[in-house]
1. Quick check for me: using +1 on Lys/Arg Cβ and -1 on Asp/Glu Cβ, what's the dipole size of the chain about its Cα centre, in debye to the nearest 20?
2. Which loop trypsin sites (Lys or Arg not before Pro) in region 229-310, with loop taken from DSSP, have no more than 14 other Cβ atoms within 10 angstrom of their Cβ?
3. Can you tell me the mean projection area, over all orientations, of the convex hull of region 155-310's alpha carbons? Units nm², please.
4. Please report the carbon-and-sulfur percent of the accessible area for region 187-264; probe 1.4 Å, protein heavy atoms only, DNA, RNA and ligands left out.
5. What does the C-alpha gyration tensor say about the overall shape of region 1-130? Classify as rounded when a/c is under 1.5, otherwise prolate if a/b is larger than b/c, or oblate.
6. Would you pull out the residues with amide H under 5 Å of residue 77's amide H, same chain only if 5 or more places away, H placed 1.01 Å from N?
7. Assuming 1.567 mPa s and 4 °C, estimate D for region 63-165 with Stokes-Einstein, Rh taken as the Kirkwood radius over Cα pairs, in µm²/s.
8. Take the residue pairs 33/98; 94/176; 61/176 and return only those whose Cα atoms are more than 32 Å apart.
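The values are calculated or read from the model by the stated rules, or taken from the named source; none is laboratory data. Computed from a prediction, not measured in an experiment: that's the story for all the values here. All Cβ positions, even for glycine, are placed from backbone atoms using ideal geometry, and neighbour counts span all protein chains on display. What goes into the accessible areas is simple: the full protein's heavy atoms, side chains included, and nothing from ligands, DNA or RNA. Shrake-Rupley method; radii C 1.70, N 1.55, O 1.52, S 1.80 Å.
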Amino acid sequence: MRLGVLDVGSNTVHLLVVDAHRGAQPSPQHSRKSELRLAENLNRDGDLTRAGADALVEAAKAARREADELECDELLAFATSAVRDAGNSAQVLKRVGKEAGVGLSVLSGEDEARLTFLAVRRWFGWSAGNIISLDIGGGSLELAAGADEDPELAFSLPLGAARLTREWFTDDPPPKDDVVRLRAHVADVLAEPAQQLLAIGRPDRVVATSKTFRTLARLAGAAPSSAGPRTQRVLTRTGLNQVHAFISRMASADLAELDGVSVGRAHQTLAGAVVAAAAMDALGVDALELCPWALREGVILRRLDWLDGT
């Protein structure tokens with residue numbers, strides 16, 4: 001069957017169309033991203049602004065048209081932290097349904113973590129043993145751990161790169177004291193969840209997904225996206241230290257000129273590096289393996305499982 005997946009994230013709205021059936025690897029047929037930065041379109045009351053809501057409705061309309069033109073059997077549409085955290089979420093969802101004809105579901109943070117973990121497990125297989133997965137989004141950090149397809153523990157923490165950049169940094173680049181304070185905050189938030197994740201058993205693999213981790217790994221010398229998804233990519237703590245040292249002194253406009261850094265996310269890269277480093281320290285790991293599959297693939301895989309009634 002042909003599935004369309006519309007992922008409304010904190011930074012981008014991404015339509016992915018795949019041909020898929022249970023037991024086979026989903027085959028991408030079409031991909032389109034719209035950079036809306038919804039996390040940066042929340043007003044002081046925590047509501048999504050009218051401009052942000054209008055942009056989301058237009059992106060959903062375009063996705064609906066493309067899904068129909070590509071003859072998708074189904075469009076799976078979901079939103080994550082930016083819409084989830086908005087005080088006017090219900091009104092925005094109603095507009096998207098009425099004006100764009102898209103039923104947009106809001107995933108809980110724990111569901112995000114669990115579905116991402118499912119994608120990681122399916123990518124690496126049972127031989128990966130006990131896995132801890134990490135995903136840095138725009139609004140939240142998802143972590144999960146376990147030896148099965150459904151993790152034993154899953155957490156969603158308010159440590160997304162866009163959120164932290166907005167709340168902690170006012171200058172570009174930020175002064176060293178602001179970065180030090182953010183490090184302490186992130187370490188404090190991570191301490192208890194990390195301890196619980198480690199308590200269920202020593203991980204055989206610690207895996208990272210998401211654009212933020214891919215950017216940091218690329219800056220540390222990992223292969224570019226053109227090398228393909230099956231190319232092994234690793235982010236070491238040493239490499240991350242080196243990345244952090246030079247990006248902490250760069251304005252986002254200069255950072256955006258580096259290979260692997262997108263213009264729209266450049267200003268969030270430092271906060272992402274702080275979270276990545278704190279997570280590795282809290283978990284006591286020296287390296288992370290990158291997985292090309294994440295939340296979208298997890299949604300697809302779970303839907304295919306349901307088709308067979310599992």
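1. Value, rounded to 20: 340 debye.
2. 230, 249
3. 10.5 nm²
4. Its accessible area is 48 percent carbon and sulfur atoms.
5. Taking the square roots of the gyration eigenvalues as a ≥ b ≥ c, region 1-130 is oblate.
6. Result for residue 77 returns 6, 105.
7. Roughly 85 µm²/s, to the nearest whole number.
8. 94/176; 61/176
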